[in-house]
Structure formats: C-alpha cells, structure tokens
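Enquirer: Shown below is the structure under consideration.
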Amino acid sequence: MSGTILAIDPGKYQSGLAVLLDDKAVLERRVVKTIELPESVSEMCYKYQVPIIIIGSGGPGKSIEKKIAASNVRSSIMFVNEKGSTMEARKLYWKENSPKGFMRFLPAGLRVPPEPYDDYAAVIIGRRYLDK
C-alpha cells in the first residue's frame, strides 16, 4: 500500500507503533513490548507495504534501528524529534477517549490515561514527519 508510513515511539520496556497514510489518517496502532518490536515491525511492514519507518529520536531509538535493520525489513528508516510527544499523545488520547466518571472534573493537564498510550505517541511522531 503506497503512501503509508510506520511510526515508532521507542521505549525501554514498551513501544508504540502506528501506521499512517499520507493524509495522517491512522490505519492501525498498538503498544508492544520492546523486545517484540522487530517482529511487530516486520508484520506491519508486510501487511501495509510500508516504505518508510519513522523512529522517535529519543531514548533507545538508535538501538531499535539496529534491531529492525537486523530483522531484514526492507523499509527506509528515518528519525524524528520526539520531544514533547508524550504530552501531545496524552491530549490525543483524551480527545479520542472522553474521560468518564470523576476524571471529567480533573484539569486536562492532570489526567493520565488508564492504559498505555505509547501508540498515540507514535501517531504524533508520524504526523510530525508528515508535516515536513
């Protein structure tokens, strides 16, 4: 499928993945254990025929690049600055998942999603790449 990218929010223990179209629409997103990342990346690249992988430049990004390259994925790998992506991901999470119960009354800056949201950070990283 042309016009797709795979964005990765790399983490020490878990990472977020998101496949986006050129128009920034999200086809799939998921949170995986970082140790399972090469297998998940291979699967998603094959499924969506991804030509470009975008990795957040912070933390373990460089070591993840090496692991993905070693898994024989044929996609190009690029890096995007991920500074502030976690806070943006939190906002996106709450935009798509309205707070329920007492969470509605907390100021937005104090709300923490009740589940991992690294996949939303991957969406933010992918959209930053597409904005360039």
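Enquirer: So for the chain, Kirkwood radius off the Cα pairs, Stokes-Einstein at 25 °C and 0.890 mPa s: how many µm² s⁻¹?
Expert: Taking Rh from Cα pairs, D becomes 166 µm²/s.
Enquirer: Identify all aspartates and glutamates with a Cα-Cα distance to K66 below 19 Å; exclude those on the same chain that are fewer than 8 residues away in sequence.
Expert: Candidates past the 8-residue exclusion: D9, E36, E39, E43, E82.
Enquirer: Compare the peptides 114-125, 17-28, 67-78 by average per-residue count of other Cβ atoms within 10 angstrom and give them in order, highest first.
Expert: Per-residue mean Cβ counts within 10 Å order the peptides as 114-125, 17-28, 67-78.
Enquirer: Given contacts defined as C-alpha pairs under 8 Å and at least six residues apart, what's the relative contact order of the chain, whole-number percent?
Expert: Details: 242 pairs, mean separation 44.3, N = 132.
Relative contact order of the chain: 34 percent.
Enquirer: Give me the percent of DSSP beta bridges within the chain that run antiparallel, rounded to the nearest 5.
Expert: Once the DSSP bridges in the chain are tallied, antiparallel ones form about 60 percent.
Where a number appears in this text, it was derived from the coordinates with a stated rule and is not lab data. Treat the numbers as computed from the prediction; the structure is a model and nothing was measured. Cβ atoms come from the backbone with ideal geometry, glycine included; neighbour counts cover every protein chain shown.
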